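Only one structure is covered here, and it is reproduced in the block below.
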Amino acid sequence: MGILPVSEQNVFFEGPLSGPWYSKHKTQLLGVLLATASNFLISVSLSIQKCAHLRLACQTEPKPYYTSKLWWCGIILLGLGEVGNFTAYGFAPIALVAPLGCVSVIGTAVISVLFLKQTVRAADILGGTLAVAGTYLLVTFAPNVPQELTARRVQNNLVSWPFLVYVILEIITFCILLYFYKRKAVKHIMILLMMVALLASLTVLAVKAVASMITLSVKGKMQLTYPVFYIMLILMATSCVFQVKFLNQAMHLYEATAVVPINFILFTTSAIVSGVIFYQEFQSAALLSVFMFLFGCLLSFLGVFVIARNKKEEHLQVPYIDCGRIPVKDGHSLPREAKRK
């Protein structure tokens, strides 16, 4: 028997975590690790903020939340998590980073059980299992996009006809939704979260472009001198501001248990579609890989939905400010019932 050429020998050993596989996917793997750690950090930060609110509410003389060092610790961790997510877009495709937001939902559920002493539900176990299985399929079958995302490539993608058609359709849809929201005063949760998703699709496109150009510039290939970098930076900031506005409106009108799963599904779907159109992330992917990736997304969606379904909103037993006694001009206070009389 003859000895196989080196190139053919490597084929047999190019499995997960092997040398050739790692060399091919190490940049994408870094993005996955960053996104996973960042989303878990966000779940930790939200739990810390909740714990700070609970502690303040249980005090004899409740103080504003911004005076709590624990609350500020949560805010700092939240900022670090968002920065990590931003950086992850510079190393991994949008189609991979966006669905990993389910890690935040899983992390919040786990932390609530372990540290906030909430009851473990069968739905939490089932939802967590589905989300973890979906995440594994996402990472395994995600598209590998090795091309460098330079400023010139971003410019070319901005004027490509598939993206122009996509933007026109998105603007028309957003204007229709905004008409019902403003003129007809329709505040349905789907109206609000669809507008959030449409804005989010532009946000992730801009974040991916800005993060990638900054990453290349740090490596020595300067991209910050191109006008398209600042165009994408402005687009990122503007779309993010309006996205947060409509999301806060939805959180004000509806319970988080309804907003979180729907927003995650719509945001992830819009991000994947925009990434496919703008960055052509699935251009050379095999049909089986695309199918398994979409199946992983479906499992993640189901997992998040099952965790959030029928989960009761928790309200503080003690309010932040005692409304039972209302101050009067002479410096004393009267019970609220007496004041009403």
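Mind checking whether some residue in the range 37-52 is in contact with a Lys or Arg (Cβ under 9 Å, 6 or more places away or on another chain), more than 29 Å from residue 136 (Cβ to Cβ) and part of a helix (DSSP H, G or I)? There is at least one residue in the range 37-52 that is in contact with a Lys or Arg (Cβ under 9 Å, 6 or more places away or on another chain), more than 29 Å from residue 136 (Cβ to Cβ) and part of a helix (DSSP H, G or I). Residue 276 meets all of the listed conditions (1) out of contact with any Asp or Glu (no Cβ under 8 Å at 6 or more places or on another chain); (2) outside any helix (DSSP H, G or I) but one, namely (2). All of (1) among the hydrophobic types (A, V, I, L, M, F, W, C); (2) modelled with pLDDT of 85 or more; (3) more than 18 Å from residue 104 (Cβ to Cβ); (4) open to solvent by less than 50 Å² (accessible area, probe 1.4 Å) hold for residue 56 with one exception: (2). Filtered by the rule that a residue be hydrophobic (A, V, I, L, M, F, W, C) and farther than 16 Å from residue 44 by Cβ, the range 98-136 gives 98, 120, 122, 123, 125, 126, 130, 131, 132, 133. Between 30, 34, the distinction of being crowded, with 18+ Cβ neighbours inside 10 Å and on the phi < 0 side of the Ramachandran plot belongs to 34 only.
When residues in the range 217-244 are screened for being under 25 Å from residue 100 (Cβ atoms), in a helix (DSSP H, G or I) and open to solvent by 80 Å² or more (accessible area, probe 1.4 Å), 3 of them pass. In the range 287-299, the residues that are touching a residue at least 24 places away in the same chain (Cβ under 8 Å) reach residues that are in a helix (DSSP H, G or I) and open to solvent by 90 Å² or more (accessible area, probe 1.4 Å) with C-beta atoms within less than 8 angstrom, at least six apart or across chains, in these pairs: 296/136. For the range 159-197, enumerate the residues that are touching a residue at least 12 places away in the same chain (Cβ under 8 Å), surrounded by fewer than 17 Cβ atoms within 10 Å (Cβ to Cβ) and charged (D, E, K, R). Residue satisfying the conditions is 187 alone.
The values are calculated or read from the model by the stated rules, or taken from the named source; none is laboratory data. Since this is a predicted model, take the numbers as computed values, not measurements. Counting neighbours? That spans all protein chains shown, and the Cβs are built from the backbone with ideal geometry, glycine included. Remember, those area values only see protein heavy atoms, side chains included, never the ligands or the DNA or RNA. Shrake-Rupley method; radii C 1.70, N 1.55, O 1.52, S 1.80 Å.
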